[in-house]
Each structure stands twice: as C-alpha cells, then as structure tokens.
Amino acid sequence: RRPAIGYGGRMTPLLTAVWFDIDGTLLDARGVGRGVYARALKAFHGIEDDLAWVRFAGATDLDILHQVADRHGLGRDALDSDAFFAAMADEMDRSLAADSPLLLPGVRELVEALSHRPDIRLGLITGNDRACAFHKLHHAGLPGRFLIGGFGHEHPERDVLAGLAVDRMVATLGPGEEIARAFLLGDTPRDARAAKVIGATAIGVATGPYSVADLLANGCDHAVESLADTERLLGLIAPS
C-alpha cells in the first residue's frame, strides 16, 4: 500500500497522523474480552470453548473467529461474522458496564494534549470489532477522541486494517491539507509491522506482553515503558 506520509494536497498545512492500538496500549480490559468472546461463541454458534489457547495480543477479532472455525472443523464461511460481532458487541457493553476497563498510565494526559493540537489527527488501528472498540473506550472514560480507524472485524490481517485507517483519515482532509508525519502506537510487534506498511513511525508501549527491549528488537523505532512518558512522547510526536 502507499505510505501515509506525504499523501494528500500539495499545500500547507502539514498534519501529523497518530494512530493507537487499544488493548494493552490505551487500556486493560482485565480479561473481559476473552470471556465475552467465549460467551458469544456459545450463545450464537453453540461452540463451547474457553479460548485459553488463543493469543489475543496483536490478533484481530476476525482472525480469532477464523482460528475457532479451523479448530472446530467448521468452514470459515459457515460462521456469520457480521451477526456474531453484533451479538458480541452487545455482550461486551453489558460486561464492561459491570466491570470497567482500566485506563493505562498516562493515556488521558497524552490523548488530551494531542487532541488540543490543530495540526494532529487521531485514529485507531485495532484488532477489536468497531462497536467493541468504542464500548471499551466509553467504559474506560475515553469517549469521543477517536472517530475513525481500521477495525478487527473488517479483515483478519492488521496490516490491511492499517491501510483502511489511512484511507479513511485521508478522506477527512480539507483542501490543501497533507499528512506529513505519521505515528502508530501499540504494544506488540504486529503494531510495528503495520506501522511500516503505512510509512508510519512505530512507537512501542510496554504495557502489554512485550518489554521495551522486545519491542525495539521487533521493529519499533522507539519504545516506552508506558504512555506516562508524556514529555518524551510529545517531543517525538508533537515538538513545539
């Protein structure tokens, strides 16, 4: 795919695109997502599986559904993904209302600081189904900051979701606006690979299953222990 950087109009103003992953980067749903997925599989498809074998970190919801179909000897087309994800989103909303996700350190401060910059555009590149993504952000107390992105029900590969996120952000640009710099913040090497596909700088966040050293060794251009390293992150993303 074409990179995000330098795409758009040919006149100023020059903008910075910043995409975030959700789980392990912005918030910790404390295992609610796995349970919701398992309950939705049982209720909607009659599949009894606790999904303990699934590695959720860096995966997409559609990829997980394909893995489940393969494991249980079902054709991938036999599972109605649209209807399943709609049912899962309803279950996610109910579950998170009772057990809210934890916003990770520094998230609110960084997002607030970036949101107030007129030259910055925020988006999501997440393995979550779109409705589940927004339920998580709402219940974590971070609604309304991210309106566009690439979502995990749309394609099993995160790299493709990154391309969708670019296309959608470019579609919002006004006359003469151009994305001159781009960043993707995530907690897994899959986020780093997606960043490279769209020509973005990969910033690893070690609040998921990977350490700073792991993230740097697996393609991240920079890595921080958490988004609480606000000064450094703002220096990278939005230098004054």
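The values are calculated or read from the model by the stated rules, or taken from the named source; none is laboratory data. In this text, all values refer to a predicted model and were calculated from it rather than measured experimentally. Cβ placement follows ideal geometry from the backbone for every residue including glycine, while neighbour counts extend to all protein chains displayed. Side chains are part of the model used for accessible areas, which takes the heavy atoms of the whole protein and leaves out ligands, DNA and RNA. Shrake-Rupley method; radii C 1.70, N 1.55, O 1.52, S 1.80 Å.
Restricting to the range 122-161, and then to whatever is of a type in the set (G, A, S) and in a loop (DSSP other than H, G, I, E, B), can you tell me which residue is surrounded by the fewest Cβ atoms within 10 Å (Cβ to Cβ)? Step by step, filter the range 122-161, then rank; the result is G144.
A quick yes/no check of all residues on (1) more than 14 Å from the chain's Cα centre (by Cα); (2) within 21 Å of K136 (Cβ to Cβ); (3) surrounded by fewer than 19 Cβ atoms within 10 Å (Cβ to Cβ):
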| position | (1), (2), (3) |
| --- | --- |
| L27 | no, yes, no |
| G46 | yes, no, yes |
| V54 | yes, yes, yes |
| D63 | yes, yes, yes |
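Can you name the residue in the range 75-84 that is open to solvent by 10 Å² or more (accessible area, probe 1.4 Å) and either touching a residue at least 24 places away in the same chain (Cβ under 8 Å) or assigned to a loop (DSSP other than H, G, I, E, B) (or both) and is also farthest from A162 (Cα to Cα) among such residues? Here the residue is G75. Any residue in the range 212-223 that is among the polar types (S, T, N, Q), open to solvent by 60 Å² or more (accessible area, probe 1.4 Å) and in contact with a Phe, Trp or Tyr (Cβ under 9 Å, 6 or more places away or on another chain)? There is at least one residue in the range 212-223 that is among the polar types (S, T, N, Q), open to solvent by 60 Å² or more (accessible area, probe 1.4 Å) and in contact with a Phe, Trp or Tyr (Cβ under 9 Å, 6 or more places away or on another chain).
From the list T172, T188, T201, T207, the one residue that fits, being open to solvent by 30 Å² or more (accessible area, probe 1.4 Å), touching a Pro at 6+ places or on another chain (Cβ under 8 Å) and polar (S, T, N, Q), is T207.
Here is a yes/no grid of residues against (1) farther than 25 Å from H135 by Cβ; (2) open to solvent by less than 60 Å² (accessible area, probe 1.4 Å); (3) of a type in the set (G, A, S):
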| position | (1), (2), (3) |
| --- | --- |
| D23 | no, yes, no |
| A43 | no, no, yes |
| G73 | yes, no, yes |
| A89 | no, yes, yes |
| L110 | no, yes, no |
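Taking the criterion of being assigned to a helix (DSSP H, G or I) and within 18 Å of L184 (Cα to Cα), the residues of the range 85-121 that qualify are V107, R108, E109, L110, V111, E112, A113, L114, S115.
Just one of the listed residues (G58, G123) is closer than 19 Å to L26 by Cα and modelled with pLDDT of 95 or more, namely G123.
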